[in-house]
Amino acid sequence: MNNIIVCIKQVPDPHLISKIKIDEEGRIDRRGILGVLNPLDKNALEEALKIKERFGGEITVLSMGPPQAIEVCRDALAFGADESILICDRCLSGSDTLATSYVLACAISKIKFEIVLCGNETIDSGTGQVPPQLAEFLCIPHITGVRKIEFLDESTVEAESKMESNIRIVRARVPVLIGVAKGINDPHIPSAYDIMNAFKKEIIQLDIKDIGADADRVGSLGSPTYVERVIPMEQKREGLISGDLDEVAMEAVNRLKRFL
């Protein structure tokens with residue numbers, strides 16, 4: 001196996017989700033919010049390390065984001081990636097999932113690879129759209145929601161994913177894109193040596209000209225979808241129900257009927 005690509009993203013710290021605000025343009029206001037590596041992307045990196053251990057090759061991490069996203073690119077190097085690339089350009093601001101997938105595909109198409117790994121979704125949007133969209137741009141098969149990966153040989157992968165109440169097992173030949181789900185593995189914690197060594201490595205920074213992306217297909221103008229408005233959810237407690245079992249059950253049913 002020649003090259004494994006892992007797509008990563010910097011997201012707001014999950015512990016600070018309650019403090020996140022949405023600006024007037026429907027975008028997440030990240031000011032004052034610590035950015036971290038998307039949790040499922042750690043799982044994708046861990047799987048990449050397992051594949052490399054078995055078949056060899058190199059792991060290239062790829063991210064699209066603002067200048068501060070270089071921090072998660074360095075985190076990925078500490079995690080064990082061989083090369084880290086950040087696509088950073090002002091015109092990328094406001095890109096939706098389709099525009100993001102297009103940019104990632106432009107960059108990946110310039111790299112020889114056998115497998116692309118992604119977290120199935122990110123905690124800041126949770127759409128799960130980037131993995132399949134990216135695979136379509138790359139014209140390769142994809143398997144999402146994957147919780148187990150097994151290579152039958154160097155070119156054939158068997159992946160297991162949960163589909164509602166059933167389990168789906170899919171086989172595909174490389175090149176293939178896989179979106180990993182929570183629970184596929186337990187990501188290791190990089191050592192102090194790995195973290196310090198990551199600062200010695202170069203992080204490649206590219207703009208849309210470097211990857212050959214069309215400026216009309218990125219950013220707000222190149223995004224077919226946008227956030228029109230954000231409506232906060234109001235939680236209203238109905239109070240406690242007391243009485244014997246039959247009375248409590250009947251009252252609970254009556255209250256639930258109001259929402260049907």
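A few remarks follow.
- Only one of the numbered conditions (1) surrounded by fewer than 14 Cβ atoms within 10 Å (Cβ to Cβ); (2) farther than 19 Å from G119 by Cα; (3) out of contact with any strand residue (DSSP E or B) (no Cβ under 9 Å at 6 or more places or on another chain) is not met by I189, and that is (2).
- Condition check for F79: of a type in the set (F, W, Y) and within 22 Å of V176 (Cα to Cα): no
- Among the residues of region 136-162, those that are farther than 14 Å from E47 by Cα, among the aliphatic types (A, V, I, L, M) and touching a Ser or Thr at 6+ places or on another chain (Cβ under 8 Å) comprise L138, I143.
- C118 being in contact with a Gly (Cβ under 7 Å, 6 or more places away or on another chain) and within 16 Å of I204 (Cβ to Cβ): no
- For the criterion of being modelled with pLDDT of 95 or more and either of a type in the set (K, R) or under 24 Å from Q129 (Cα atoms) (or both), I178 passes.
- Here L92, L117 are screened, and the one residue that is on the phi < 0 side of the Ramachandran plot, surrounded by 22 or more Cβ atoms within 10 Å (Cβ to Cβ) and in contact with a Cys (Cβ under 9 Å, 6 or more places away or on another chain) is L117.
- For the criterion of being under 30 Å from V227 (Cβ atoms), surrounded by fewer than 17 Cβ atoms within 10 Å (Cβ to Cβ) and either of a type in the set (K, R) or in contact with a helix residue (DSSP H, G or I) (Cβ under 7 Å, 6 or more places away or on another chain) (or both), T127 passes.
- Checked against the criterion of being closer than 19 Å to R54 by Cα, touching a helix residue (DSSP H, G or I) at 6+ places or on another chain (Cβ under 7 Å) and outside any loop (DSSP other than H, G, I, E, B), region 159-176 has no qualifying residue.
- Total residues in region 130-168, condition surrounded by 17 or more Cβ atoms within 10 Å (Cβ to Cβ), among the small types (G, A, S) and farther than 11 Å from A181 by Cβ: 1
- Taking the listed residues D194, D186, the one that is in contact (Cβ under 8 Å) with a residue 24 or more places away in the chain and in a helix (DSSP H, G or I) is D194, with no other qualifying.
- Filter result for S63 (among the hydroxyl-bearing types (S, T, Y) and crowded, with 23+ Cβ neighbours inside 10 Å): yes
- Residue list for region 14-67, restricted to those being charged (D, E, K, R) and either under 20 Å from D186 (Cβ atoms) or modelled with pLDDT of 90 or more (or both): D41, K42, E46, E47, K50, K52, E53, R54, E58
- Number of positions in region 32-78 that are of a type outside the set (G, A, S) and more than 21 Å from L206 (Cβ to Cβ): 16
- The helices (runs of 4 or more DSSP H) found wholly in region 58-151 and carrying at least 3 residues that are within 17 Å of G222 (Cα to Cα) and within 14 Å of the chain's Cα centre (by Cα) occupy 97-108, 130-138.
The values are calculated or read from the model by the stated rules, or taken from the named source; none is laboratory data. It should be emphasised that the depicted structure is a prediction, and the values quoted were computed from it without experimental measurement. All Cβ positions, even for glycine, are placed from backbone atoms using ideal geometry, and neighbour counts span all protein chains on display.
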